[in-house]
């Protein structure tokens with residue numbers, strides 16, 4: 001007994017002397033549900049950053065990082081809240097998550113704010129998260145759809161499109177993006193002839209297409225999913241000759257789009273969030289070594305989310321989210337020494353020495369108030385049945 | 001010229017889609033009405049049996065394509081139809097043997113048979129998904145268009161385009177042929193007359209030496225043929241997805257009830273009434289009105305397209321309230 005006590009005391013003393021601790025980081029993502037195919041690669045991105053920081057030995061006097069996964073289900077807010085509460089009970093200080101907009105709002109309001117847990121979402125894009133009261137605890141490395149709407153409007157205008165009809169998938173994503181696009185386009189002097197919802201998973205979209213055709217316009221903006229109603233509407237519009245020019249946001253951009261429509265949609269515009277630059281290439285190498293797919297949507301954003309959480313803790317010299325949250329914007333933005341993926345050890349060292357850093361990361365992170373990615377978007381046009389990258393915005 | 005443009009826009013967005021959809025509903029409603037008239041219950045498994053028959057047809061189509069048989073510009077699925085019908089007929093005969101015959105022998109109330117058919121619906125639902133999966137399948141091959149928009153515009157010089165898909169034309173032609181064959185069978189052949197006699201009065205039919213089990217079997221086989229053909233045409237024209245066949249049950253029942261359950265002519269009329277109302281009520285008439293000289297800022301749309309299914313419900317309620325036996329005096333529900 002005496003020995004045991006002694007040993008315990010000695011261990012406690014040792015740990016105390018080093019000032020090292022075990023920082024718990026939650027990966028709160030939709031491992032089941034409608035986006036379950038995306039979640040593993042997103043989690044892998046976040047875990048890669050956590051491991052890099054932990055293995056460097058330079059994190060807060062040799063502290064280590066432990067990650068734990070929990071399931072948001074994407075659609076069931078109650079299940080997501082319960083899973084997040086369990087994470088907090090296990091001592092998690094900060095979380096990478098949630099994955100979907102609705103569920104993220106619920107977790108932030110019911111778990112994040114009451115417990116003072118910092119959350120950085122890699123993939124929740126609803127404009128509602130920009131205006132939510134978050135006590136400065138919520139950030140996201142994904143751009144708001146409000147921003148995507150502006151980019152879409154600008155591109156359409158630049159191509160000489162004066163009037164558009166909008167069709168959107170009947171959910172938070174579709175409605176949010178359609179509204180922001182409409183507002184931005186009208187602000188630029190364009191005319192929106194109609195903005196109508198469509199439901200996914202129907203056999204027949206001829207009535208929807210007829211309504212859009214009747215409203216008319218130079219182009220049709222299809223704010224939907226390529227595997228769902230978005231393609232159905234596009235097919236109908238092409239078959240009936242209602243529209244021959246389209247504007248496709250992120251949900252529609254993919255190989256499936258050009259496989260399905262080929263040269264029929266030549267001249268249409270595509271927009272999706274994507275970054276260029278050195279960070280991307282470094283991240284791809286790193287992902288190949290860690291064994292996950294770097295091109296998977298939002299895995300780069302998850303890497304950046306985890307890295308930002310840990311770097312801001314280092315900058316605050318404390319794992320306490322209340323202190324760390326003040327440092328996130330500072331770490332993410334210029335001025336400072338640029339830090340790329342794979343260079344987190346360098347970032348940690350610089351921060352320990354009191355030097356300011358500018359975390360660039362895998363997705364060219366640039367956070368704007370209130371703590372979300374400014375967003376870098378890729379513009380593509382469809383030429384000869386292929387997606388051709390025109391530029392970045 | 002403007003009058004022609006208005007006409008073409010109407011044809012392109014209202015008439016052609018509604019006619020094809022109406023033909024599909026009419027075939028479905030004919031099956032429902034036949035089963036109701038002769039077996040005396042509303043078959044809730046109708047939609048999912050359509051899906052089952054279509055699934056077999058699709059697999060037969062794949063097999064034909066694999067050995068290199070095709071019909072040129074016409075979809076190969078039409079050639080595979082007999083196989084689909086045979087498979088579906090075996091299935092419904094088996095179901096009748098295992099489920100419905102038991103209740104028929106006991107002379108159960110129709111409502112018990114209806115509930116049994118709900119059970120069959122769920123089983124059929126699962127079987128189809130096990131057989132072919134839940135995903136959307138497109139199995140139309142051959143030429144996509146009879147008239148396509150671009151060449152129509154060039155040919156006519158009109159600003160409006162007209163598209164007529166091969167599948168739409170085939171749907172209407174096949175529906176007309178099937179309806180003609182069915183009426184010929186019911187009115188001209190001995191078996192058809194036996195079926196009608198059994199439908200009118202079971203006991204009297206029995207006294208005149210008609211074998212009831214044979215009539216039942218024949219009814220199921222004809223119903224299976226109607227279901228498979230309707231399902232395949234619907235799948236060719238749109239896309240095959242098992243869940244959609246469950247959803248199409250409501251408009252089919254609406255069509256059968258509007259026309260009068262038990263009345264074949266009513267089923268056909270009902271199919272077209274439901275289809276044209278659904279399309280015309282949710283169609284914005286702005287463009288057509290514009291061509292006719294009435295400029296409007298509004299869309300001139302009675303109801304947004306999300307409420308398409310509500311139209312079937314409303315028609316159903318109105319008919320049940322004011323003419324419960326349907327437009328063509330079928331049996332009361």
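A few comments on the model shown:
- The criterion of being within 13 Å of another protein chain (Cβ to nearest Cβ), surrounded by 24 or more Cβ atoms within 10 Å (Cβ to Cβ) and in contact with a helix residue (DSSP H, G or I) (Cβ under 8 Å, 6 or more places away or on another chain) holds for residue A:167.
- In the stretch A:331-350, the residues that are assigned to a helix (DSSP H, G or I) and within 18 Å of residue A:284 (Cβ to Cβ): A:344
- Condition met for residue A:92 (in contact (Cβ under 8 Å) with a residue 12 or more places away in the chain, outside any helix (DSSP H, G or I) and over 23 Å from residue A:369 (Cα atoms)): yes
- All of (1) surrounded by 15 or more Cβ atoms within 10 Å (Cβ to Cβ); (2) part of a loop (DSSP other than H, G, I, E, B) hold for residue A:354 with one exception: (1).
- All of B:143, B:194 fail the test of being in contact with a helix residue (DSSP H, G or I) (Cβ under 7 Å, 6 or more places away or on another chain) and free of Cβ contacts under 8 Å to residues at least 60 places away in the same chain, apart from B:194.
- When the stretch B:294-310 is limited to residues that are in a helix (DSSP H, G or I) and out of contact with any strand residue (DSSP E or B) (no Cβ under 8 Å at 6 or more places or on another chain), the one that is farthest from the other protein chains (Cβ to nearest Cβ) turns out to be B:310.
Every residue, every condition in (1) free of Cβ contacts under 8 Å to residues at least 12 places away in the same chain; (2) more than 14 Å from chain A (Cβ to nearest Cβ); (3) in contact with a helix residue (DSSP H, G or I) (Cβ under 8 Å, 6 or more places away or on another chain), yes or no:
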| site | (1), (2), (3) |
| --- | --- |
| B:23 | no, no, yes |
| B:31 | no, yes, yes |
| B:53 | no, yes, yes |
| B:61 | no, yes, yes |
| B:66 | yes, yes, no |
| B:82 | yes, yes, no |
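- Of the criteria (1) in a helix (DSSP H, G or I); (2) crowded, with 22+ Cβ neighbours inside 10 Å, which one residue B:43 fails: (1)
- Selection status of residue B:315, in contact (Cβ under 8 Å) with a residue 12 or more places away in the chain, in contact with a helix residue (DSSP H, G or I) (Cβ under 9 Å, 6 or more places away or on another chain) and more than 10 Å from chain A (Cβ to nearest Cβ): yes
- When residue A:189 is tested against (1) more than 11 Å from every other protein chain (Cβ to nearest Cβ); (2) under 23 Å from residue B:237 (Cα atoms), only condition (2) is not met.
- Criterion: at pLDDT below 90 and part of a helix (DSSP H, G or I) - qualifying residue of B:90, B:64, B:79, B:4: B:4
- Positions within the stretch A:229-263 being part of a loop (DSSP other than H, G, I, E, B), surrounded by 22 or more Cβ atoms within 10 Å (Cβ to Cβ) and within 14 Å of chain B (Cβ to nearest Cβ), in sequence order: A:240, A:242, A:243
- Looking only at the stretch B:149-166, and only at residues there that are at pLDDT 85 or above and in a loop (DSSP other than H, G, I, E, B), the one that is farthest from the chain's Cα centre (by Cα): B:162
- Against the numbered list (1) surrounded by 19 or more Cβ atoms within 10 Å (Cβ to Cβ); (2) over 21 Å from the mean Cα position of the chain (by Cα); (3) within 20 Å of residue A:40 (Cα to Cα), residue A:299 comes up short only at (2).
- Odd one out for residue A:214, checked against (1) assigned to a helix (DSSP H, G or I); (2) within 11 Å of another protein chain (Cβ to nearest Cβ); (3) touching a residue at least 12 places away in the same chain (Cβ under 8 Å): (3)
- Applying the condition of being within 14 Å of chain A (Cβ to nearest Cβ) and not in a helix (DSSP H, G or I) to the stretch B:240-269 and asking which residue is modelled with the lowest pLDDT yields B:241.
The values are calculated or read from the model by the stated rules, or taken from the named source; none is laboratory data. In this text, all values refer to a predicted model and were calculated from it rather than measured experimentally. As a convention, Cβ positions derive from the backbone with ideal geometry for all residues, glycine included, and neighbour counts pool all protein chains shown.
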